[in-house]
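The values are calculated or read from the model by the stated rules, or taken from the named source; none is laboratory data. Owing to the predicted nature of the structure, the values given are computational and were not obtained by experimental measurement. With ideal geometry, Cβ positions are generated from the backbone for all residues, glycine too; neighbour counts draw on all protein chains shown. These accessible areas exclude ligands, DNA and RNA; they are computed on the full protein's heavy atoms, side chains included. Shrake-Rupley method; radii C 1.70, N 1.55, O 1.52, S 1.80 Å.
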Amino acid sequence: MTDVTAFKFISPIARNMKSCSISMVNEYETLSKIKVKSVNGKEVLATSLISPSKITLMAFLTHFADFNSWELAQRLKHDLEKLKSYKIEVICIGIGSPEAASLFSELLDFPADKLFSDEQALCHRALGFSRGPFPNTPVSPMLKLGLMLGGIGSPGTIQAVLGGYFGSKDRESDGGVGNWIDSAIKQGARKGRFPTEALGQPLSEIGAGAWDTLGTTGLRPFELATLRLQNMLGGIGDNWKELAPKDTELVIQQGGSVVFKGKSSLYRYDDKGILTYTPVDEALSVVMS
């Protein structure tokens, strides 16, 4: 189940309550001073990407070689048509170069017109997203990343990893967790990311159906872990040099999401660590309530 204390619903009243664990940042005003780049390298103001008439879900991805950015992009890609029918625009801003963004788009078949790069994580830092564990400690960021993978300074990571292997009784419906994993596994197999077969059948065709023998409800054992294996080996591992930011301090910079209605923020979520990214259904339930 989603931990409802992890997200931040923003209201004018809450913004003035200093005791609340809610962002006091005016997200729109903050972003109005920052430029990002398209996959073609064209600079645009971040706020120019926010629709004045529709709701905009703006996802601030971690760097392009990070598990969070891959899984969140896969989830959002699966839901793009559904979100469009609800008149919700999706924009993703990831940490890295325009070249890295372009490769990321190609690897995931993610629409390039919805993807932008922030080479120095200016958006992320201005919005106050976590800089990772032990920010003022003179320790290699790669060592900090290793600690995060072990759950140190990255709350929820171990639970998320175990959930991928052992599954869960909970399964979102109507385009939820099972369906996006299915489409992501199929896409990864079509791109040749290992594993491409299961039970002697191509994953590009059967996708998450390979786990139907374990039941059709809940997240089945190894279902999500298989997608993460594809992402790790054939995606992130094979393309780390091209995808990762040049500044190694940014490999532990966390992201988050803000849902805008014009210049107002309806919802905000700050990533807590590895594999603890925006719960999309939760964000949408707030927007549609």
With criteria (1) in contact with a Leu (Cβ under 6 Å, 6 or more places away or on another chain); (2) closer than 23 Å to V287 by Cβ, I95 comes up short on (2)
Selection from the range 54-82 of residues over 23 Å from N231 (Cα atoms), in contact (Cβ under 8 Å) with a residue 60 or more places away in the chain and open to solvent by 10 Å² or more (accessible area, probe 1.4 Å) yields I55, K82
Within the range 262-276, residues closer than 30 Å to G146 by Cβ and open to solvent by 40 Å² or more (accessible area, probe 1.4 Å) come out as K272
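Residue-wise test of (1) without any contact (Cβ under 8 Å) to a residue 24 or more places away in the chain; (2) more than 18 Å from I274 (Cβ to Cβ); (3) not small (G, A, S).
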site	(1), (2), (3)
I152	yes, no, yes
K169	no, yes, yes
D182	no, yes, yes
Q187	no, yes, yes
E205	yes, yes, yes
F222	no, yes, yes
E242	no, yes, yes
Check the range 23-40 and report whether any residue there is modelled with pLDDT under 95, out of contact with any strand residue (DSSP E or B) (no Cβ under 6 Å at 6 or more places or on another chain) and of a type in the set (A, V, I, L, M, F, W, C). yes
> Quick check, is M58 in a loop (DSSP other than H, G, I, E, B) and either modelled with pLDDT of 95 or more or on the phi < 0 side of the Ramachandran plot (or both)?
Replying inline: no
Counting only residues in the range 62-92 that are of a type in the set (A, V, I, L, M) and over 10 Å from the mean Cα position of the chain (by Cα), the one modelled with the lowest pLDDT is identified as L83
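For every residue, the table says whether it meets (1) in contact with a Cys (Cβ under 6 Å, 6 or more places away or on another chain); (2) of a type in the set (S, T, N, Q); (3) under 16 Å from S69 (Cα atoms).
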{"site": "A112", "(1), (2), (3)": "no, no, yes"}
{"site": "F134", "(1), (2), (3)": "no, no, no"}
{"site": "W180", "(1), (2), (3)": "no, no, yes"}
{"site": "S183", "(1), (2), (3)": "no, yes, no"}
The one condition K241 fails out of (1) of a type in the set (D, E, K, R); (2) within 15 Å of the chain's Cα centre (by Cα); (3) modelled with pLDDT of 95 or more is (2)
If we keep only residues of the range 246-261 that are out of contact with any helix residue (DSSP H, G or I) (no Cβ under 7 Å at 6 or more places or on another chain) and not acidic (D, E), then the residue most open to solvent (accessible area, probe 1.4 Å) is K246
Counted residues in the range 208-245 being open to solvent by less than 10 Å² (accessible area, probe 1.4 Å), touching a Lys or Arg at 6+ places or on another chain (Cβ under 8 Å) and either charged (D, E, K, R) or on the phi < 0 side of the Ramachandran plot (or both) come to 4
Within the range 195-207, residues surrounded by 14 or more Cβ atoms within 10 Å (Cβ to Cβ) and closer than 13 Å to D182 by Cβ come out as A198, L203, S204, I206, G207
